[in-house]
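Below is one structure, written out as structure tokens; comments come after it.
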Amino acid sequence: MILEELSILNYKNLEQADLSLSPNVNCLIGANGMGKTNVLDAVYFLSFGKSASTQTDSQCIRHEADFSMLQGRYRNHSGEEEIISCGIKRGQRKRMKRNDKEYKRLSEHLGLIPLVMISPSDSMLIAGGSEERRKFLDIVITQTSTRYTEALIRYNKTLQQRNALLKQENETDWCVCGVLEEMMAADAEIIYAERQNTIRDFLPIFKEMYARLCNRTDEKVDIIYESHGERGDLLSLLQKGREKEKILGYTLYGPHKDDLNLLMNGYSIRKEGSQGQTKTFFIAMKLSQFLYLKMQGKQKLPILLLDDIFDKLDAGRVGRIVDYVSGDTFGQIFITDTNREHLDRILAATTRSYKLFQVDKGKVSELMISSQT
């Protein structure tokens, strides 16, 4: 899927922008805080129906405005046009449309426009809690499996209901709780199987990607999936844990507690990895996510967003990333940086067409169009 035109109105600090984009490489240059990341976030929003960094939709609306509007004109692998739009108004639910037809459920949209975003916040994959690593898994799988998406939505809703019952001060209705537990156990089986299969297929891609980026033979990486599923049937775990969970007021077991153990040479990368190794690790995870989605996507090549990823990486690692993403493996790429030298190096390394944009105080202007094809 290629994003040919992007229209932005009142999105974060961007008052208005209408961009005609390259099908290959699009670079955005500007100082910190000018709005480069917000352009990428608008592209992200059109794929996922939410911001990559903002918790509530209303926070995406520019401070001086009452509403925000995003629209993207895409071209799929068959040459057909897709128009995706989203309107956000304060105090109202967002309205997301495909070719002027509003979605009944946002889950219907997930996977239509596969996308991978790599940014400094991805360091939380390693430094953050288990919810960050579950989020990584969920973003990968929801773009490829409707069955997983539906099971995850149901599970999270049922989990909230069970937790609400556990928090009640009066006596818990264990009959109702039992029904919820059966529903949770059924969906947990689907979630566990999908996560297990994804990690199995993802791992060899990741190991090869890390080796490519670090160019060393003494750094062996691994990802181990740690899950409730290894402890046995979830239904029995929930039933046995009722008394303790009633005291705590929340559910202790289930896929909402799963985690990924990220290792280098058998030890936690979080504890043992250098700054460069840590950054290479999570960049390799996200580039591997791209390749995994490409393999699963049935001719849907993901869009790749690279947001200021070259900070705090040595020249060798930067060079290998540049060489890799400027090759033919990738489709449409968006890159932001404050350092023009990084972008010039990327553009010099590619034979593909590109466009360069300047972002200054929320205004986006095209600087140059390459004559390359």
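The values are calculated or read from the model by the stated rules, or taken from the named source; none is laboratory data. All of these numbers come straight from a predicted model, not from anything done at the bench. Because the Cβ atoms are built from the backbone with ideal geometry, glycine has one as well, and the counts that use them run over all protein chains shown.
Overview of results
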item	result
Among (1) touching an Asp or Glu at 6+ places or on another chain (Cβ under 7 Å); (2) outside the structural domain of A52 (by TED's automatic domain parsing); (3) in contact (Cβ under 8 Å) with a residue 40 or more places away in the chain - the single one R154 does not satisfy	(3)
Hits in the stretch 251-281 - residues which are under 30 Å from D173 (Cα atoms) and either assigned to a helix (DSSP H, G or I) or of a type in the set (V, I, T) (or both)	T251, P255, H256, K257
Pair list, Cβ under 6 Å, 6 or more apart: the stretch 204-232 residue touching a residue at least 12 places away in the same chain (Cβ under 8 Å), other residue part of a loop (DSSP other than H, G, I, E, B)	K220/N265; S227/D258; H228/Y253; H228/G254
Residues of the stretch 229-247 that turn out to be surrounded by 13 or more Cβ atoms within 10 Å (Cβ to Cβ) and in contact with a helix residue (DSSP H, G or I) (Cβ under 8 Å, 6 or more places away or on another chain), as a count	10
Selection count where residues are under 23 Å from R320 (Cα atoms) and at pLDDT 85 or above, scope the stretch 339-373	3
M96 vs. criteria in contact with a His (Cβ under 8 Å, 6 or more places away or on another chain), in contact (Cβ under 8 Å) with a residue 24 or more places away in the chain and closer than 19 Å to S58 by Cβ	yes
Hits in the stretch 12-49 (condition: under 18 Å from C86 (Cβ atoms) and free of Cβ contacts under 8 Å to residues at least 24 places away in the same chain)	Q16, D18
Single condition M295 does not satisfy, out of (1) at pLDDT below 90; (2) outside any loop (DSSP other than H, G, I, E, B); (3) more than 24 Å from G30 (Cα to Cα); (4) in contact with a helix residue (DSSP H, G or I) (Cβ under 7 Å, 6 or more places away or on another chain)	(4)
Breaking point among (1) surrounded by 18 or more Cβ atoms within 10 Å (Cβ to Cβ); (2) at pLDDT 90 or above; (3) under 17 Å from I223 (Cβ atoms), for K279	(2)
Entirely in the stretch 1-85, the strands (runs of 3 or more DSSP E) that have 1 or more residues that are at pLDDT below 90 and touching a helix residue (DSSP H, G or I) at 6+ places or on another chain (Cβ under 9 Å)	25-29
Members of the stretch 190-212 that are farther than 20 Å from N156 by Cβ and buried (at least 20 other Cβ atoms within 10 Å of the Cβ)	F202, F206, M209, Y210
